[in-house]
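To start, the structure itself, in structure tokens.
What follows is calculated from the coordinates using simple rules that are stated; it is not laboratory data. All of these numbers come straight from a predicted model, not from anything done at the bench. All Cβ positions, glycine included, derive from the backbone under ideal geometry; neighbour counts span all protein chains shown.
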């Protein structure tokens, strides 16, 4: 995130300086204040864009997680019934599903507080945890049928 902001600022400043160098004598000169203003606007735009993308990603993940959680909860009820009937495999399946659900929930909670590069590093971890939950759900569904 810092890198994006820095590069955007540098690009805006370079563009303004290039435009100032190409202008004729009859055009108004670009001032340092104008460069600062343009750079700040570019940074603000980059920050807003990053936040928007993060919000969109988290909304998508929340929707996926809620759907998987609902389906997993139904399977967990079935697994509990089978575990009570003495089926050991059902107990393991139940534990695995609960573990994967908790991992996704924890990573989602941690992502809410992250920004910039920390968020970019945490995003693949959340995607992997969600994928693991999907795999655990699919496996549980096959085993409990």
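Please work out the FRET efficiency for the pair residue 134 and residue 43, using the Cβ-Cβ distance as r and a Förster radius of 35 Å; give the result to the nearest 0.05. After rounding to 0.05, the efficiency reads 0.40.
Model label sites at residue 89 and residue 56, defined 7 Å from Cα along the beta-carbon direction, differ in position by 4.3 nm.
Can you compute the label reach from residue 110? Point 7 Å from Cα along the Cβ direction, backbone N cut-off under 20 Å, restricted to the stretch 43-65. Correct set: 54-55, 57-65. Exposure proxy shown here: for 47, 104, the number of other Cβ atoms within 10 Å sets the order, fewest to most, as 47, 104.
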